Amino acid sequence: AGCAAVRVNPGNIRKFNEVGPSICKAATDAGISLRIGVNAGSLDKELYAKYGGPTPEALVASAWKEAHMFEDVGFHDFKISVKHHDVITMVETY
């Protein structure tokens, strides 16, 4: 028994540099991937201000930023999942 992937939302992790490496090590040790959730509701305040809200461009920028956070600690076994309350915006993001 087990799971194929664990969902994480870096937007809710305030000190990624402190806990991120532990999350990545645990996933690596367990042989599972991480699903990085990019959510309109927890969009980084700087990206929100820069793009004027949770626009497709802001969500893509957030996805890139969060992917790089994991890559910077040597973790590459992840997938990105985008959530937005507006279906059109979510589709445009992908």
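The values are calculated or read from the model by the stated rules, or taken from the named source; none is laboratory data. If you're wondering where the values come from, they're calculated on a predicted model, not measured in any experiment. Here the Cβ is made from the backbone with ideal geometry for all residues, glycine too, and neighbour counts use every protein chain on show.
When you look at Ile23, is it under 21 Å from Trp64 (Cβ atoms), touching a helix residue (DSSP H, G or I) at 6+ places or on another chain (Cβ under 6 Å) and of a type in the set (A, V, I, L, M), yes or no?
On the way: under 21 Å from Trp64 (Cβ atoms): yes; touching a helix residue (DSSP H, G or I) at 6+ places or on another chain (Cβ under 6 Å): no; of a type in the set (A, V, I, L, M): yes.
Judged against the criteria, Ile23 is not a match.
Note down all Cβ pairs under 8 Å where the first residue falls in segment 61-78 and is surrounded by 15 or more Cβ atoms within 10 Å (Cβ to Cβ), the second is among the acidic types (Asp, Glu) and assigned to a loop (DSSP other than H, G, I, E, B), and they're at least six residues apart or on different chains.
Taking only residues 6 or more apart or on different chains, the pairs are Ser62/Asp44; Lys65/Asp44.
Residues being farther than 21 Å from Val6 by Cβ and in contact with a Leu (Cβ under 7 Å, 6 or more places away or on another chain): count how many of those fall in segment 60-83.
The qualifying residues number 1.
Is it the case that Ser42 is touching a residue at least 40 places away in the same chain (Cβ under 8 Å), under 28 Å from Val91 (Cβ atoms) and polar (S, T, N, Q)?
Values: touching a residue at least 40 places away in the same chain (Cβ under 8 Å): no; under 28 Å from Val91 (Cβ atoms): yes; polar (S, T, N, Q): yes.
No; evaluated as a whole, the condition is false for this residue.
Restricting to segment 74-87, name every residue that is in a loop (DSSP other than H, G, I, E, B), under 15 Å from Asn39 (Cβ atoms) and of a type in the set (D, E, K, R).
Listed by number, the list holds a single entry, Asp86.
Please tell me if Ala58 is modelled with pLDDT of 95 or more and either of a type in the set (Val, Ile, Thr) or surrounded by 12 or more Cβ atoms within 10 Å (Cβ to Cβ) (or both).
yes
Give the residue, chosen from Gly31, Gly52, Gly20, that is of a type outside the set (Ser, Thr, Tyr) and touching a residue at least 24 places away in the same chain (Cβ under 8 Å). Explain how you work it out, then say what you get.
On the way: Gly31 fails: touching a residue at least 24 places away in the same chain (Cβ under 8 Å); Gly52 fails: touching a residue at least 24 places away in the same chain (Cβ under 8 Å).
Step by step, each of Gly31, Gly52, Gly20 is checked, and only Gly20 is of a type outside the set (Ser, Thr, Tyr) and touching a residue at least 24 places away in the same chain (Cβ under 8 Å).
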